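One structure is given here, and the rest of the page talks about it.
The values are calculated or read from the model by the stated rules, or taken from the named source; none is laboratory data. Predicted, not measured: the structure shown is a model, and the values here were computed from it. FYI the Cβ positions are ideal-geometry reconstructions off the backbone, even for glycines, and counts take in every protein chain you see. To get the accessible areas, we keep the full protein, side chains included, count just its heavy atoms, and leave off ligands, DNA and RNA. Shrake-Rupley method; radii C 1.70, N 1.55, O 1.52, S 1.80 Å.
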Amino acid sequence: MASVPMTASSAETALELWLAEQTDKSLLRFLTCGSVDDGKSTLIGRLLYDSQLILDDQLASLRKESRNRTTGDEGIDFSLLVDGLTAEREQGITIDVAYRFFSTDKRKFIVADTPGHEQYTRNMATGASNADLGIVLIDARKGVLTQTRRHSFILSLIGVKHVVLAVNKIDLVGHDADVFNAIEAEYREFARELGFETLVAIPLSALKGDNILTPSPQTPWYNGPQLVPYLESIEVATDRVEQPFRFPVQWVNRPNLDFRGFSGTLASGEVKVGDDILVAASRKPAKISRIVTMDGDQQHAIAGEAVTLVLDREVDISRGDVLVHPGQTPDYSNQFQARMVWMSDEQAIPGRSYLLKLGAQQVPASITALKFRTNVNTLEQSAATTLELNEVGTVTIATDKPIAFDSYGDNPLTGSFILIDRISNATLGAGVIEYGLQRAKNLSYQSFDVNRRVRAEMKGQTPQIVWFTGLSGSGKSTVANLIEKRLTSEGRHAYILDGDNVRHGLNKDLGFTDEARVENIRRVAEVARLMADAGLIVIVSFISPFRNERRLAREVAGDVKFTEVFVNTPLEVCEARDPKGLYAKARRGEINNFTGISSPYETPEKPDIVLHGALQDPVQMADDLYARVFEWDTGYSI
Amino acid sequence: MSSVGPRGLSHLKSLESESIEIFREVAASFERPVMMYSIGKDSSVLLHLARKAFFPSRIPFPVLHIDTRWKFREMIEFRDRMARQHDLDLIVHTNPDGLAAGINPFDHGSAVHTDIMKTQALRQALNAGQYDAAIGGARRDEEKSRAKERIFSHRNAQHAWDPKNQRPELWRIFNTRLAPGESMRVFPISNWTELDVWTYIYAEGIEIPDLYFARRRPVVERSGTLIMVDDDRFRFNPGETPREEMIRFRTLGCYPLSGGIRSDAADLPSIIMEMQASRTSEREGRLIDSDSVGSMEKKKQEGYF
């Protein structure tokens, strides 16, 4: 810290001087990777101590606590400064990412500290996402370990470009140059493919202070920089101002009828009054007429600035739109390839519908293909059908409507996204976009002259999907049959898609794992939608036990009328009926993943219609359903 | 990402932009946000940032003050003046049960008073307003348990903080989704340090209550803590008489529970320089805060900030 001596009368002058110093200070956000054994807590404690952030009476009590512990010349166990961990564990608090602040005369620092072995990948990725630099700690006695490789891979995945290899505990190997050189050589060889822009190896002792602030007399063979001076001076900022202009609209600013502005933060580039701009999605052009802030209008704004843009004409723009310069447009597509870190206990399932958030854009999306999983320890790639917690995979993602994005390498803020669970709202995973899939851009839906309306008119009926869900034996198929018969007898065109029948043909390649069930439902939903497009009333009779899958079916249906019918028959009743003898088999363990027995049934929260199989017989249920869906629907509407 | 490059923003400017972005995200993502306003310096910075975020619009959500009825008189005057000056939609809530029961710091002690008049009052106000996002001025540098607090911190339907159910926050992407009844606490100045707050107040000319500046004030000293006699409800111990001392406050709250520090820093530059120069005065102030710091974790789980 700057210590300008204070006198009351000269406070203002002193402050001005000091402020000028502060203004010149830049901020470095960095991440420390390593476990407690490597001396990470000691290193962070040492940095806090050396930047004089530890107050006098704190020091006194630290010295007391440090008795009987390994200490440096200061008589302090620095790890005590950082480790609130035992206490936190006792309180049952998840230890993930902690942020610590310190500053020196030259720079301000925010350290993301990600302790713990469990959940390491997830926490490191979180910490790395806002870091400019990563310190990879190595215990000089142990050399490059599996975890060193893992840490480095995650840094590379998240795009951290600057790495310090801190070879710690150099005092414990007798300050041996050969040990250090061997470690550095091995690490450089491994890191060659990771795309780091700078890599510096420093032999140090966090405990003793070797090569932290000043050159250590113990390592006369080392000519490189010391840790703190290096952190103070390294130039890490990519010049975001030089990159293409990206302005994600966060909020439409409309205080009255005379003012309509678009508030947001420039993700990259710069913009001036008079610039021509485009809305990335609609390609509608406009000119910037004002750049508004509370401190007055500006003539121009640069990356990182939060401003409000006013355009010279009325253009339809809302939250999620991205304003860009013509000729420098981002990808605009509904498909891209990305690398993802999975962060949830619930595994990733291709085909399942998630919410994707990228900047201010939020759209339904699914993983269409899982290309491979990367082992974070060996960097080997292998085929995979799911991603589990802390796994890293390369995927293709399809969004329900096109979104604007860049590749992560070009622009981290417009090339990164998260996936959100649609029911629990948990953040499931984080991804970085590699590239947009070109073919998706050209993929537009064929629109024909003969459409659903025409076919609905021909048939004189409303094409629609009636989706039954309920346990095996609940009476779905019986009711579906009765309805189909009745509709057919009235001259209406209906068709039943039944779980068992579809599994004999279209879906015979699918088993009963969670992933297979998702794919099963997806295919059926798509077929139902095509049939409805053809003008039919489609009756789908599937157990469809998961809310997510039923939601997916509804989404696939799009603008087609969709009625979710829950046949609510208690498990005991279904099991007592057991028309196909399946429950008995499941109880004997002969069938795996049997809904209600060995696999859950998620009760619909808001079905359109509920039928009570224990209270009504199938004819009553069919009548009830008919009355509510078809009785008055004698014309056609789409 | 916010590091200063060849051409970039200053440290304070990038903190400011980050906070503005968070404010706008709240306005765009939630149906009924509210901003907590405690009248202190952090709240003053918060208010300033909110005005910047939405200019030329008014702040598009109400501002909530939990009034324990034991705040410094000057704080209340300041609050009402700010509300007028900035056209705020100010909501003031006092726990009616606590008021009826005559809860006060002298008879019931700091813990009971704080619980009933602050924690419970806050919960009442949040329930009554059915707010789905409450914006607060907490910072990560304040204490250890804050260091890992999220910027968007999820609360269940009982306003409780479930440490196991916090969402990872990557880049600037915030997951703002809520189930019915759940809510979010949002901390736009998470990444600011106390020094950042003071230098920003100075750089932007933000108005703060005069209590922060050293003045001659009537005080009594109790176990090393200087308590200001702010009104005639003050209960003197036998033999106690107030005396005038040059003091200022580092944090503002209920006057019988706020300790002042002896200081000559009568203006902003002096305060900042005093903070910089003295390693013990800062410590002294923290000791006085220690009551609230110790139980922060517990308060959070109970639904307080």
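Structural remarks
- For A:Lys161, the aspartates and glutamates whose Cα comes closer than 15 Å to its Cα, not counting residues fewer than 8 places off in the same chain, are A:Asp132, A:Glu193, A:Glu197, A:Glu235, A:Asp239, A:Asp410.
- Area projected by the alpha carbon convex hull of segment A:331-442, averaged over all directions, nm²: 6.6 nm²
- Centre separation in Å (Cα based) which lies between segment A:310-347 and segment B:98-158: 38 Å
- Restricted to Cα atoms, segment A:210-329 shows a radius of gyration and a Dmax of 21.5, 72 angstrom.
- Using a cutoff of 8 angstrom between alpha carbon atoms and counting only pairs six or more residues apart, the relative contact order for segment A:419-576 works out to 36 percent.
- Annotation note: GluC sites (Glu not before Pro) in segment B:199-262 located in DSSP loop regions with a Cβ neighbour count of at most 16 within 10 Å are B:Glu207, B:Glu240.
- The residues packed around A:Arg246, meaning those with a beta-carbon under 12 Å from its beta-carbon, carry a net charge of -4 if Lys and Arg are +1 and Asp and Glu are -1.
- FRET efficiency, B:Ile76 to A:Arg313 (Cβ-Cβ, R0 45 Å, nearest 0.05): 0.40
- Separation of the alpha carbons by more than 23 angstrom is noted, of A:Lys401/A:Lys476; A:Lys272/B:Lys41; A:Lys476/A:Lys561, for A:Lys401/A:Lys476; A:Lys272/B:Lys41.
- Number of partner chain Cβ atoms within 10 Å, mean per residue of A:263-271: 3
- Proximal charge balance of A:Glu346 [Cβ under 12 Å; K/R count +1, D/E count -1]: -2
- Neighbouring Cβ atoms from other chains, within 10 Å of the Cβ of residues in B:117-124, number 0 on average.
- Convex hull projection area averaged over all views, the protein assembly as shown, Cα basis, nm²: 45.7 nm²
- Taking chain A and dividing mean pair separation by its residue count, relative contact order in percent (alpha carbons under 8 Å, at least six apart): 9 percent
- Over chain B, DSSP H runs of length four or greater, each weighted -39,500 (n - 2.57), average out per residue to a 222 nm ellipticity of -11500 deg cm²/dmol.
- Helix B:73-85 vs. chain B, principal-axis angle (Cα, 0 to 90°, nearest 10): 30 degrees
- Those residues of segment A:412-439 for which accessible area with every protein chain present is at least 30 Å² below the isolated value (1.4 Å probe): A:Leu413, A:Ser416, A:Ile418, A:Asn425, A:Thr427
- Within the listed set B:Trp70, B:Trp192, B:Trp171, the Gaussian network model of chain B (springs between alpha-carbon atoms below 10 Å) gives the highest mean-square fluctuation for B:Trp171.
- Acute angle (nearest 10 degrees) that the helix B:268-277 long axis makes with the longest principal axis of chain B, alpha-carbon atoms: 90 degrees
- Using 0.36 nm per residue and subtracting the Cα-Cα separation, the extra length available between A:Val454 and A:Thr214 on full extension is 78.2 nm.
- Normalising the average separation of contacting C-alpha pairs (under 8 angstrom, six or more residues apart) by the number of residues puts the relative contact order of segment B:24-98 at 33 percent.
- Excluding ligands, DNA and RNA and using a 1.4 Å probe, chains A and B jointly bury around 7200 Å² of accessible surface, summed across both partners.
- Degrees separating the helix A:56-66 axis from the principal Cα axis of chain A, which is the longest one: 80 degrees
- In terms of Cα atoms, the Rg and Dmax of segment B:11-199 work out to 16.5, 49 Å.
- Charged neighbours of B:Leu15, selected by a Cβ distance under 14 Å, balance to -1 (K, R count +1; D, E count -1).
- For segment A:307-394, taking Cα atoms only, Rg and Dmax work out to 17.7, 55 Å respectively.
- Semi-axis lengths, largest first, of the ellipsoid equivalent to segment A:523-605 are 29, 13, 12 Å, with √(5λ) applied to each eigenvalue of the Cα gyration tensor.
- Annotation for segment A:540-638: trypsin sites (Lys or Arg not before Pro) lying in DSSP loop with at most 15 further Cβ atoms inside 10 Å of their Cβ are A:Lys580, A:Arg588.
- For peptide B:263-274, the mean count of partner chain Cβ atoms within 10 Å of a residue's Cβ comes to 5.
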